[in-house]
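Worksheet for the structure shown next.
The values are calculated or read from the model by the stated rules, or taken from the named source; none is laboratory data. For clarity, every value in this text was computed on a predicted model and none was experimentally measured. Cβ: placed from backbone, ideal geometry, glycine included. Neighbour counts: every protein chain shown.
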Amino acid sequence: MPPPPDPPLVVDIHTHMYPPSYIKLLSSRTTVPYIYQPTETPDSDPRLIILASDDDPSRPKSSRGRPVDSTYSSFDQKRAFMRRHGISCSVISLANPWLDFLDPDTALKTAQDINDDLDGACAENNNTDSPSHDALKLYAFGCLPLSAPAKDIVSEIHRLKSLRHVTGVIMGTTGLGKGLDDPALDDVYAALSSTATLVFLHPHYGLPDSAFGGPEVVAKSGHVLPLALGFPLETTIAVSRMYLSGVFDRHPQLQFLLAHSGGTLPFLAGRIESCVAHEREFVANGGHRQGPQRSIWDVLHTNIYLDAVIYGQPGLKAAIEAAGSVDRVMFGTDHPFFPPLGNDKEAKWLSVESNKGAIDGCLPEDEAAKRKILGGNAIRVLGLDL
Ligand code: URA
Ligand code: ZN
């Protein structure tokens, strides 16, 4: 009997942290995003109020948002989570809303400090000479000072190449304030392309409450509508706008990794392609229009990777199909969001179990493909030393 194969190397490319310096920054604020310590219950966890819909004035401040415990900021907790779920390597990213809210004059320094902190923590963790070293590896996606002038953003993109454990950047959908199709981003896209920096694109703003029937309707189901629908649609709209405005024509080397399997993009790509083809010939609408030069399928197969944070087989199948192959889809957890709510601190997280279950269910007979999605693709694309 041949020996059983080694278990797959599992790399989590969608896993967040608010490093201590960022927690301090949010704790110093009183408008969204902010962290609030309820004065009436000083021993309870502070509350994290990051989504606009979290700051519902009809609720007492002490119950707005969500509790933020040490799983958000502690590297030990991250490692414990990794061990519990058989994750060998995590590529950590700052969670939403990153630095979008900072004054232009403080943004660059704040980004540099956070990026240095993340790189330093990963270096310490990965140092095989350290007495506390274990086999778990940490890498990071850096953050960009997007409210600063474009030249500062470009300089940070170049500087990040010198940080050994930073393997790309995380970004939201607002760009410089007007979205990712803003022509003013061209210098930033050129810098990302020339440095071969992967962008992990992640939603934060969702859709306005009015899209769901107003704040009262949203409040009735807490985070469900903003997170289950608002987040994926935000990503879909952002990437569609980039595509329609020709960003991928002007910057054919750009590499984006889309959170939550690209929102609804895999499902809607054919419809987008069809509408673009029709509109091109739609003379009654103003004659021949300049549209994107490339097919959306070509963009999906060459410029876009998708994470596998979609929690079910139909979505994951669509992601693999739209990405063009199992080589462009990567496992993630979205830790520390969506923790188990019971008292069992050792319980496995639904986010991990359902995402792993979907991978198994979609590719029951294909061990090699599963290994690629679980870790092989991330190791190859991000150049991780595991
Ligand atoms: N996942 C995230 O990354 N951010 C949130 O705010 C909620 C879930
Ligand atoms: Zn996330």
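Per-residue answers, yes or no, for (1) in contact (Cβ under 8 Å) with a residue 40 or more places away in the chain; (2) among the acidic types (Asp, Glu):
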| residue | (1), (2) |
| --- | --- |
| SER62 | no, no |
| GLN77 | yes, no |
| ARG83 | yes, no |
| SER88 | yes, no |
| ILE92 | yes, no |
| PRO97 | yes, no |
| ASP103 | yes, yes |
| ALA107 | yes, no |
| GLY120 | no, no |
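Counting only residues that are within 16 Å of ligand 2 (Cβ to nearest atom), give me the helices (runs of 4 or more DSSP H) lying completely in the stretch 270-371 with at least 2 of them. Before you say what the answer is, go through the steps one by one.
On the way: elements: 296-302, 313-323, 350-362, 367-371.
Those helices (runs of 4 or more DSSP H) span 313-323, 350-362.
So, in the stretch 169-202, how many residues would count as being within 16 Å of ligand 1 (Cβ to nearest atom) and under 22 Å from LEU386 (Cα atoms)?
Residues in the stretch 169-202 being within 16 Å of ligand 1 (Cβ to nearest atom) and under 22 Å from LEU386 (Cα atoms): 4 in total.
Name the one entry in GLY222, GLY246, GLY213 that is at pLDDT 95 or above and among the small types (Gly, Ala, Ser).
Of the residues listed, the single one that is at pLDDT 95 or above and among the small types (Gly, Ala, Ser) is GLY213.
Filter the stretch 1-20 down to the residues that are more than 25 Å from PHE338 (Cα to Cα) and hydrophobic (A, V, I, L, M, F, W, C) and list them by number.
Across the stretch 1-20, the qualifying residue is only MET1.
Do we have any residue at all in the stretch 2-17 that's within 24 Å of GLY86 (Cβ to Cβ), at pLDDT 85 or above, of a type in the set (S, T, N, Q) and in contact with a Pro (Cβ under 9 Å, 6 or more places away or on another chain)? Please lay out each step first, then the result.
Of all residues in the stretch 2-17, those within 24 Å of GLY86 (Cβ to Cβ) come to 2-17.
Still in the list and also at pLDDT 85 or above: 6-17.
Adding the requirement that they be of a type in the set (S, T, N, Q) leaves 15.
From what is left, the residues that are in contact with a Pro (Cβ under 9 Å, 6 or more places away or on another chain) are 15.
The answer is yes, given that some residue of the stretch 2-17 is within 24 Å of GLY86 (Cβ to Cβ), at pLDDT 85 or above, of a type in the set (S, T, N, Q) and in contact with a Pro (Cβ under 9 Å, 6 or more places away or on another chain).
Identify the residue in the stretch 349-385 that is touching a helix residue (DSSP H, G or I) at 6+ places or on another chain (Cβ under 7 Å) and touching a residue at least 60 places away in the same chain (Cβ under 8 Å) and, among all such residues, is nearest to ILE87 (Cα to Cα).
LEU374
If you scan the stretch 200-216, which residues turn out to be away from ligand 2 (no atom under 14 Å from the Cβ) and within 20 Å of the chain's Cα centre (by Cα)?
LEU207
Filter the stretch 96-135 down to the residues that are more than 30 Å from ALA150 (Cα to Cα) and small (Gly, Ala, Ser), then identify the one that is nearest to ligand 2 (Cβ to nearest atom).
ALA135
Here are some residues: LEU146, LEU185, LEU163. Which one is within 30 Å of SER245 (Cβ to Cβ) and in a loop (DSSP other than H, G, I, E, B)?
LEU146
Among (1) of a type in the set (Val, Ile, Thr); (2) out of contact with any Phe, Trp or Tyr (no Cβ under 7 Å at 6 or more places or on another chain); (3) in contact (Cβ under 8 Å) with a residue 12 or more places away in the chain, where does VAL199 come up short?
Answer for VAL199: the failing condition is (2).
Among the residues of the stretch 76-95 satisfying the criterion of being within 16 Å of ligand 2 (Cβ to nearest atom) and under 17 Å from ASP307 (Cα atoms), which is surrounded by the fewest Cβ atoms within 10 Å (Cβ to Cβ)?
Restricting to residues being within 16 Å of ligand 2 (Cβ to nearest atom) and under 17 Å from ASP307 (Cα atoms), the top hit is ALA95.
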